[in-house]
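Read through the structure below, which is laid out as C-alpha cells, and then see the notes.
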Amino acid sequence: MIAEQPVDSATIDIVVSAADPLSRAGIVSQLRASRGFSISTDGTTAHPEAVALIVADEIDDDVTTRIRALRARGVARIVLLAARVDDKGLLAAAEAGVSGVVRRSDATARNLAMAIRATAAGEGTLPPDLLGRLLHQVGQLQRQVLSPRGLTLLGLTEREVKVLRLLAEGLDTAEVGQQLFYSERTVKNIIHDVTSRLELRNRTHAVAYAIREGLI
C-alpha cells in the first residue's frame, strides 16, 4: 500500500515515457483525472524538478539505461511503472536511481497520483512485498559480494572505516598510523582515496560523511 499524501497546491510537472503509444495514452488519461499535474510526453522537457514516469513491461537494460540518462540530466525524481518486477530487475532499478516503483496491476489513478506526489516531495514509494525483497537483495549483496572483499554498501573498505573512526576520536594521522600499524603516509593515502572517490572536500568532511551515514 502507498501512504496517501496531501495534495500540494503547486503543480507537479510529469514527463511520461512509454515505448507503447497505447500504454502512454492510457497513463496520460489516468493522470489527467487528478488535479495538480502538468503532463508531457516529450522527454526533452524533463527538468530537475519534474517527476519522470517510465512505463515498461519489465525492468531490462533499456529501462535502466533510460533511468541513468534521466539522472545524468539532473532528473532525480523517477517513478517506474512496470508490469513485471523480479528480484534482479528490482535491484537494478534501485541501483540506477528510481525513487518509486508501482506495479501496473496496482496502477489505479489514485495510487499512481499518490506515488507521483510522494516522489515529488522527495519520498520513495514501494509496495511492501517489493520492499522486503529489495532489503533481502541488499543483504545478500553485502554478505556474498561486498563483505568478502572488505567493502561496505557505501563504498568504503573496512580499513577506511577504521581510519575515519580514529580521526573522529581526535587522533592525528601519525597517531592513527600507530594505532593501526600503518605508516603515516599510508594513512594520508587512505584519506586521500576516500575524499577523492566520494568527492569530499577534506578529512573533516570525510569524517562527517561517515558519521552521517552511520559508519562510525
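Remarks
Listed here are the residues, each with its yes/no results for (1) within 17 Å of Ile12 (Cβ to Cβ); (2) touching a Leu at 6+ places or on another chain (Cβ under 8 Å); (3) aromatic (Phe, Trp, Tyr); (4) in contact (Cβ under 8 Å) with a residue 40 or more places away in the chain.
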site	(1), (2), (3), (4)
Phe37	yes, yes, yes, yes
Asp42	yes, no, no, no
Glu58	no, no, no, no
Arg68	no, no, no, no
Gly89	no, no, no, no
Leu126	no, yes, no, no
Arg133	no, yes, no, yes
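- Condition check for Val55: in the same structural domain as Ala18 (by TED's automatic domain parsing), surrounded by 14 or more Cβ atoms within 10 Å (Cβ to Cβ) and part of a loop (DSSP other than H, G, I, E, B): no
- Residue check for Ala72: surrounded by fewer than 16 Cβ atoms within 10 Å (Cβ to Cβ), of a type outside the set (Lys, Arg) and touching a helix residue (DSSP H, G or I) at 6+ places or on another chain (Cβ under 6 Å): no
- Within the range 159-178, the residues that satisfy the criterion of being surrounded by 15 or more Cβ atoms within 10 Å (Cβ to Cβ) and either among the acidic types (Asp, Glu) or under 28 Å from Pro148 (Cβ atoms) (or both) are Glu160, Val161, Lys162, Val163, Leu164, Arg165, Leu166, Leu167, Ala168, Glu175, Val176, Gly177.
- Condition check for Ile191: touching a Lys or Arg at 6+ places or on another chain (Cβ under 6 Å) and modelled with pLDDT under 80: no
- Unmet criterion (only one of (1) in a helix (DSSP H, G or I); (2) closer than 17 Å to Arg117 by Cα) for Gly26: (2)
- Residue ID - farthest from Arg133 (Cα to Cα), chosen from residues in the range 58-106 that are in a loop (DSSP other than H, G, I, E, B) and aliphatic (A, V, I, L, M): Val75
The values are calculated or read from the model by the stated rules, or taken from the named source; none is laboratory data. Every value quoted in this text rests on a predicted model; they were computed, and no experiment measured them. Note that each Cβ is placed from the backbone with ideal geometry, even for glycine, and that neighbours are counted across all protein chains shown.
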